[in-house]
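A short worksheet on the structure shown next.
The values are calculated or read from the model by the stated rules, or taken from the named source; none is laboratory data. Since this is a predicted model, take the numbers as computed values, not measurements. Cβ placement follows ideal geometry from the backbone for every residue including glycine, while neighbour counts extend to all protein chains displayed.
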């Protein structure tokens, strides 16, 4: 489980949050809400260290990442942390030079050293889970937004992450595509996956959350607000 | 040459050779009116013919031919003026009218006779074989079978080496570079005209002349085919300078006087210019074989050097984007250095500069591949860098979020995408390199363009051979451009 303790983050001379605590409890779905521009996405990206924090500690199992590590050691620990998490981006970020199947199998093969055949068996199961099994040989440019985001979810799950981080996963989608992605998220929650999601959509947040984390109420004394 | 003209020439020559009181034919009207005769010569590495003496730079151009031209002008009553032209292009430059006659240690070879008209000889020269320091047991070309012998391209020495099966000619644009390579040990010997060997010996004190000078040949002046009036005037003027001792005085001044020169006045020598050589034409089988060999060498040098440029360029781009600071600066310095200096200078430094050190002595082929590869790597590095920067940040974040290290991200996500972006500009660069590869001729590597130059100079068929050579270049570069476009279209199909 990911544990944030006393996290502070400044951005462009402004304190986004300070002294913030957050636990992503296994089997729970945590939804982070807050005003636009409040730093929701930044907080989520601190969870897998795509953003470094300025104070406090991020913990995940035996890995502890205090704020003031030297760059090399931080890189080593951040990579270890990321190997225990998965992330889904607002803009999908599928790899355009690889087809759907290769997008899903790349990380298991490269990062975990799984054999191609085994990785493909598992990738096909995950594509089945997100209803994209038939798209295995297509390239990302030929997918609709909803299809691409579901493939992105399968890709993020392929390394068996302890927690799946979702950064505004439906913000770039039309209503029909949104519904298909939400259906997948609901299914994942039912199956007991640990999810942490940032969304600007309060209805979606309320519907899917076990825990609703309101950043505006928890950002701590920022001093300039 | 028609029999009538030949008879007239024989008569004229016999007249010149036998009359002791030399009659001077009048200089054609056009030259008298201009008051000047322009003579073409190459001053590069031109001692003792025409050169700038580094010890006496204030004197300007000096040389025995400078003296000879001055005396010739005095006899003919006009000023003389030298025009610079590369030795190998003297014939076409003369035909084009860049100057009026050639005076540059020029030999009356059968090929040249078909293009220009030669004067009576003014100097009899022999061949001198020279070997490197510490070489023993070499007395003649026959002792150098299986070895490379340096010669000036298109010269008499070149032809003599070609007539010795088993001795491989190494062709140079200047005797100085041939002697330099002999010092460096790249070639086993060098064959040159005696005047050249004598004049340049002080520059290369470690080299040794072996065997007696051999093979009589003649230096003569050349005029345009239709300029027989000028030829007669020059013939008579040479006769005058020979008769009044001026030639001997000039040759003694330059340490060129040999007993052989006494035969300059004999009829068989004076008539040498009238030797009507059989009209030689290209042997097409040999021509195509030589051009094909040149094309294969061009292809080989281009492909190998571009492979080097691609690999090295990628490393440099990655270092510039992801390396530690000192390496980043070194990579930047590399790019600016190789882009900002002429490739010609880089090649000469690589070949002749490094060649001074035994351990760093590269042969022309490897020096060419290395020089072109190092130069183009700088350009490829910039193409890769631009392409890598064009990959969206989200792609890098997606790779990192999956737990990849920076190296894994580069290898599997950003570099493969960047390579697709570089395909079109890199193909352009390869086609450019393909044509630029002709520059390796300056380090004595005979590729397609050089082969063309030599064949065209020998035959005068600049246009026909030029078209054939161009077709060979196109035949090699077009399929490549076509394949690159096809590959690109296939990628586009996947992406859109």
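Grab the strands (runs of 3 or more DSSP E) fully contained in segment A:153-225, keeping just those with 2 or more residues being modelled with pLDDT of 90 or more and surrounded by fewer than 19 Cβ atoms within 10 Å (Cβ to Cβ).
Numbers: elements: A:163-167, A:195-198, A:211-214.
Ranges flagged: A:211-214.
So, restricting to helices (runs of 4 or more DSSP H) that lie completely within segment B:373-467, which ones have at least 1 residues that are in contact with a helix residue (DSSP H, G or I) (Cβ under 8 Å, 6 or more places away or on another chain) and farther than 30 Å from residue A:167 by Cα?
So the answer is B:415-436, B:448-459.
Could you tell me whether any residue of segment A:58-78 is buried (at least 23 other Cβ atoms within 10 Å of the Cβ), assigned to a helix (DSSP H, G or I) and touching a residue at least 12 places away in the same chain (Cβ under 8 Å)?
Pass one, segment A:58-78, residues buried (at least 23 other Cβ atoms within 10 Å of the Cβ): A:58, A:60.
Of the ones still in play, those that are also assigned to a helix (DSSP H, G or I) are none.
No, there is no match, as no residue in segment A:58-78 is buried (at least 23 other Cβ atoms within 10 Å of the Cβ), assigned to a helix (DSSP H, G or I) and touching a residue at least 12 places away in the same chain (Cβ under 8 Å).
Can you confirm whether residue A:86 is within 14 Å of chain B (Cβ to nearest Cβ), buried (at least 22 other Cβ atoms within 10 Å of the Cβ) and closer than 29 Å to residue A:208 by Cα? Walk me through how you get there before you give the answer.
Numbers: within 14 Å of chain B (Cβ to nearest Cβ): yes; buried (at least 22 other Cβ atoms within 10 Å of the Cβ): yes; closer than 29 Å to residue A:208 by Cα: yes.
For residue A:86, the condition - within 14 Å of chain B (Cβ to nearest Cβ), buried (at least 22 other Cβ atoms within 10 Å of the Cβ) and closer than 29 Å to residue A:208 by Cα - is met.
Hand me the list of helices (runs of 4 or more DSSP H) wholly inside segment B:52-118 holding 3 or more residues that are surrounded by fewer than 19 Cβ atoms within 10 Å (Cβ to Cβ).
Numbers: elements: B:64-76, B:90-96, B:110-113.
Correct list: B:64-76, B:90-96.
Given the conditions (1) within 13 Å of chain B (Cβ to nearest Cβ); (2) free of Cβ contacts under 8 Å to residues at least 60 places away in the same chain; (3) not in a loop (DSSP other than H, G, I, E, B), and given that residue A:124 satisfies all but one, which numbered condition is not satisfied?
(1)
Quick one: is residue A:128 surrounded by 17 or more Cβ atoms within 10 Å (Cβ to Cβ) and more than 15 Å from the chain's Cα centre (by Cα)? Don't jump to the end; show me each part of the working.
Details: surrounded by 17 or more Cβ atoms within 10 Å (Cβ to Cβ): no; more than 15 Å from the chain's Cα centre (by Cα): yes.
Answer is no for this residue.
Free of Cβ contacts under 8 Å to residues at least 24 places away in the same chain and more than 14 Å from chain A (Cβ to nearest Cβ): which single residue out of B:433, B:402, B:472, B:467 fits that description?
Details: B:433 fails: free of Cβ contacts under 8 Å to residues at least 24 places away in the same chain; B:402 fails: more than 14 Å from chain A (Cβ to nearest Cβ); B:472 fails: free of Cβ contacts under 8 Å to residues at least 24 places away in the same chain.
From the options B:433, B:402, B:472, B:467, the qualifying one is B:467.
Looking for something outside any loop (DSSP other than H, G, I, E, B) and either buried (at least 21 other Cβ atoms within 10 Å of the Cβ) or more than 9 Å from every other protein chain (Cβ to nearest Cβ) (or both) - is there at least one such residue anywhere in segment A:91-98? Spell out how you get there, then give the answer.
Initial filter on segment A:91-98 (outside any loop (DSSP other than H, G, I, E, B)): none.
No - not one qualifying residue is present in segment A:91-98.
Could you check, for segment A:9-26, whether at least one of its residues is in a strand (DSSP E or B), within 23 Å of residue A:207 (Cα to Cα), more than 14 Å from chain B (Cβ to nearest Cβ) and in contact (Cβ under 8 Å) with a residue 24 or more places away in the chain?
Keep residues of segment A:9-26 that are in a strand (DSSP E or B), which gives A:9-11, A:14-24.
Cutting the leftovers down to within 23 Å of residue A:207 (Cα to Cα) gives us A:22-24.
In the following step, the residues that additionally are more than 14 Å from chain B (Cβ to nearest Cβ) were identified as A:22-24.
When the remaining residues are screened for being in contact (Cβ under 8 Å) with a residue 24 or more places away in the chain, the result is A:22, A:24.
Checked segment A:9-26: at least one residue is in a strand (DSSP E or B), within 23 Å of residue A:207 (Cα to Cα), more than 14 Å from chain B (Cβ to nearest Cβ) and in contact (Cβ under 8 Å) with a residue 24 or more places away in the chain.
Looking for whichever is surrounded by fewer than 16 Cβ atoms within 10 Å (Cβ to Cβ) and touching a strand residue (DSSP E or B) at 6+ places or on another chain (Cβ under 8 Å) here; the options are B:133, B:165, B:205, B:195. Which one fits?
Values: B:165 fails: touching a strand residue (DSSP E or B) at 6+ places or on another chain (Cβ under 8 Å); B:205 fails: touching a strand residue (DSSP E or B) at 6+ places or on another chain (Cβ under 8 Å); B:195 fails: surrounded by fewer than 16 Cβ atoms within 10 Å (Cβ to Cβ).
Exactly one of B:133, B:165, B:205, B:195 is surrounded by fewer than 16 Cβ atoms within 10 Å (Cβ to Cβ) and touching a strand residue (DSSP E or B) at 6+ places or on another chain (Cβ under 8 Å), namely B:133.
Name the one entry in A:136, A:117 that is away from every other protein chain (no Cβ under 13 Å), in contact with a helix residue (DSSP H, G or I) (Cβ under 6 Å, 6 or more places away or on another chain), surrounded by fewer than 22 Cβ atoms within 10 Å (Cβ to Cβ) and within 19 Å of residue B:412 (Cβ to Cβ). Step through it out loud before you land on a result.
Values: A:117 fails: in contact with a helix residue (DSSP H, G or I) (Cβ under 6 Å, 6 or more places away or on another chain).
Sole residue among the options that is away from every other protein chain (no Cβ under 13 Å), in contact with a helix residue (DSSP H, G or I) (Cβ under 6 Å, 6 or more places away or on another chain), surrounded by fewer than 22 Cβ atoms within 10 Å (Cβ to Cβ) and within 19 Å of residue B:412 (Cβ to Cβ): A:136.
Give segment A:16-57 a look and list any residue that's crowded, with 16+ Cβ neighbours inside 10 Å and on the phi > 0 side of the Ramachandran plot, or say none.
A:34, A:39, A:49, A:56
Out of all the residues in segment B:405-430, which are within 30 Å of residue B:473 (Cβ to Cβ) and within 8 Å of another protein chain (Cβ to nearest Cβ)?
The answer is B:420, and nothing else.
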